[in-house]
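None of the figures in this text is laboratory data; all of them are computed from the coordinates on show. Since the model is a prediction, treat every value here as computed from it, not as a measurement. For neighbour counting, all protein chains shown are included, and Cβ atoms are generated from backbone atoms with ideal geometry for every residue, glycine included.
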Amino acid sequence: MKYIVLSFLSVFFSNAALATETYTTDGNHTLPRFSYNHLGYSTQQSRFDKTTGKITLDRKAKTGTVEIKIDTRSVNTGSTLFNEHIQGSDFLDTKHFPEATFSSNQVKFEGDNIVTVDGVLTLKGISKPVRLTVTSFHCMPNPILQKDACGANATATIKRSDFNMGKYAPLVSDEVTLDLPVEAIKD
């Protein structure tokens, strides 16, 4: 009887471990964007060109984790001069804070789809709770890489003044919209 119980437990726990899938973000398709109103003239859009991360999902248990790192020196505004300006101490201060992170272990599912991810955004050394609203979520074999993959789009709104970057507010909007396309390949 003892061996039957041990066999059952080993099968149960190995199946539970198999339910959790780990994915590595694809840096070519995970390019976080941000936009804000500039002096009432226009909505400016920029992005970060270098990200890394891991995502774990247990779609059966409806749980997951997200760990994303953004190289803030990879900010791409479309202008070399403005890239340097936004990397300065009034804004990203990339000399002292070359990395931003988002960390979460609160992934909410509705049915088979992820709808929100609650986590902590650390930017310029300041950590604040942020809720990502997931507007699309899809998993399937990647037809090019021939591996399982998942992708999502998420949005959030933050205040840059919460992260000690409020210079020129309110003329330049304090509210910043984050648009986060993510693609990740199963390990």
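Return the distance in nm (one decimal) between the two label points of a simple spin-label model at residue 89 and residue 52, each offset 7 Å from Cα along Cα→Cβ.
2.9 nm
Residues with beta-carbon under 15 Å from that of residue 187, excluding residue 187: net charge, scoring Lys, Arg +1 and Asp, Glu -1? Write out the running numbers ahead of the final one.
Numbers: positive: 54, 147, 186; negative: 21, 26, 58, 67, 148, 183.
That sum, taken over residues with Cβ under 15 Å, equals -3.
How big is the range 32-187 by Rg and Dmax over its Cα atoms, in Å?
Rg then Dmax for the range 32-187, in Å: 16.4, 49.
Counting only other residues whose beta carbon sits under 13 Å from that of residue 68, what net charge do I get with K and R as +1, D and E as -1?
That works out to -2.
Given a cut-off of 30 Å, name the pairs among 62/167; 54/167; 95/186; 128/167; 159/186 whose C-alpha atoms lie farther apart than that in the structure shown.
Values: 62/167 41 Å; 54/167 33 Å; 95/186 33 Å; 128/167 19 Å; 159/186 33 Å.
The pairs that break the limit, which is 30 Å between Cα atoms, are 62/167; 54/167; 95/186; 159/186.
For the range 93-159, state which chymotrypsin sites (Phe, Trp or Tyr not before Pro) are in a DSSP loop and have at most 15 other beta carbons lying within 10 Å of their beta carbon.
Answer by residue number: there is no such site.
With a/c under 1.5 counting as rounded, go ahead and sort the range 121-168 into rounded, prolate or oblate using the C-alpha gyration tensor (a ≥ b ≥ c being the square roots of the eigenvalues; past the cut-off, prolate if a/b is larger than b/c, else oblate). Each step should come with its number before you reach the end.
Details: a/c = 3.71, a/b = 2.86, b/c = 1.30.
In terms of gyration-tensor shape, prolate.
Taking the Cβ of residue 22 as the center, what net charge do the other residues with Cβ under 12 Å away carry, scoring Lys and Arg +1 and Asp and Glu -1?
-3
Compute the helix-to-body angle for 2-19: its Cα long axis versus the longest principal axis of the chain, expressed 0 to 90° and rounded to tens.
30 degrees
As I understand it, the dipole of the chain uses +1 on the Cβ of Lys and Arg and -1 on the Cβ of Asp and Glu, about the Cα centre. Which of 44, 173, 61 lies farthest toward its positive end?
61
Taking residue 147 as the anchor, which aspartates and glutamates have their alpha carbon closer than 18 Å to its alpha carbon, excluding any fewer than eight residues away along the same chain?
Answer for residue 147, where 18 Å is the Cα cut-off: 21, 26, 58, 183, 187, listed by chain and number.
Can you compute the FRET efficiency between residue 28 and residue 99 using 1/(1 + (r/R0)^6), with r the Cβ-Cβ distance and R0 = 22 Å? Round to the nearest 0.05.
0.70
Calculate, in nm to one decimal, what residue 43 and residue 169 gain on full extension: separation in residues at 0.36 nm each, minus their alpha carbon distance.
On the way: separation 126, 0.36 × 126 = 45.36 nm, distance 1.45 nm.
Result: 43.9 nm gained on full extension.
What percent do you get for the relative contact order of the range 69-175 when only Cα pairs under 8 Å and 6+ apart count?
After rounding, I find 19 percent.
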